[in-house]
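Everything below concerns the one structure shown next.
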Amino acid sequence: MAHFNFTSWIKFEERNNLSISKIPGVYLICISDQEIAGNPFDWMSEICYIGMSVSNGGLKSRLDTCRRAIINGKSKHSGGKKIQKAYPNYEELKSKLYLSVQKFDINPEPKKTNADTLRQLGEVVKHEYICLAKYLDKFGQYPRFNS
């Protein structure tokens, strides 16, 4: 059984307040007209993207790439590009954009030389798929920008 230990929802713009530099994990992006910052994580249909990072830069680097894509569509983040296409005015969107992350306490170094680390990173990738399946079970479709 999967354990969903996501943070409370925060404004996407406040993501740098999280200790996520070089940390692998799964993240959820939500677009909501209601103020949900500070609310405990819960599955909701407004979750529009589920992603993960096992890269050297961790969640922080991946979310920074996502933000650049949401702002101008010019980075290598497919979900961020899809959000930007649907919401081209970031200034209007950012007050509705929220984030929740689940960190995995894995020392990301040395990734390629340590078999145990590789197995742990595989669990992060697996968890992203489990989250996508959970969303699909609950709402009958993928999050809007994962499709």
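The values are calculated or read from the model by the stated rules, or taken from the named source; none is laboratory data. Model, not experiment: these values are computed from the prediction. Heads up, the Cβs are rebuilt from the backbone with ideal geometry, glycines too, and the neighbour counts pull from every protein chain shown. The area values use the complete protein model at the heavy-atom level, side chains included, leaving out ligands, DNA and RNA. Shrake-Rupley method; radii C 1.70, N 1.55, O 1.52, S 1.80 Å.
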Determine the equivalent ellipsoid of the range 35-88 by diagonalising the alpha-carbon gyration tensor, then write out the semi-axes as square roots of 5 times the eigenvalues, largest first, rounded to whole Å. 20, 16, 10
So, with a 1.4 angstrom probe, what is the percent of accessible area on the range 1-100 that is carbon and sulfur? 47
FRET efficiency for residue 114 and residue 21, using Cβ-Cβ distance with R0 set to 25 Å, rounded to 0.05: 0.80
Residue 94 versus residue 61, label points 7 Å from Cα toward the beta carbon: distance in nm? 2.4
Per residue, how much accessible surface does the chain expose to a 1.4 Å probe? Answer in Å², no decimals. 55
Over all directions, the average projected area of the alpha-carbon convex hull for the chain comes to how many nm²? 8.5
Using alpha carbon centers only, the range 3-17 is separated from the range 67-97 by a whole-angstrom value of 18
Hydrophobic long helices for the chain, i.e. whole DSSP H runs reaching 18 angstrom or more by Cα along the axis with Kyte-Doolittle mean at least 1.6, come out as none
Near residue 85, which aspartates and glutamates are there with a Cα under 20 Å away, not counting those fewer than 8 places off in the same chain? 13, 33, 46, 64
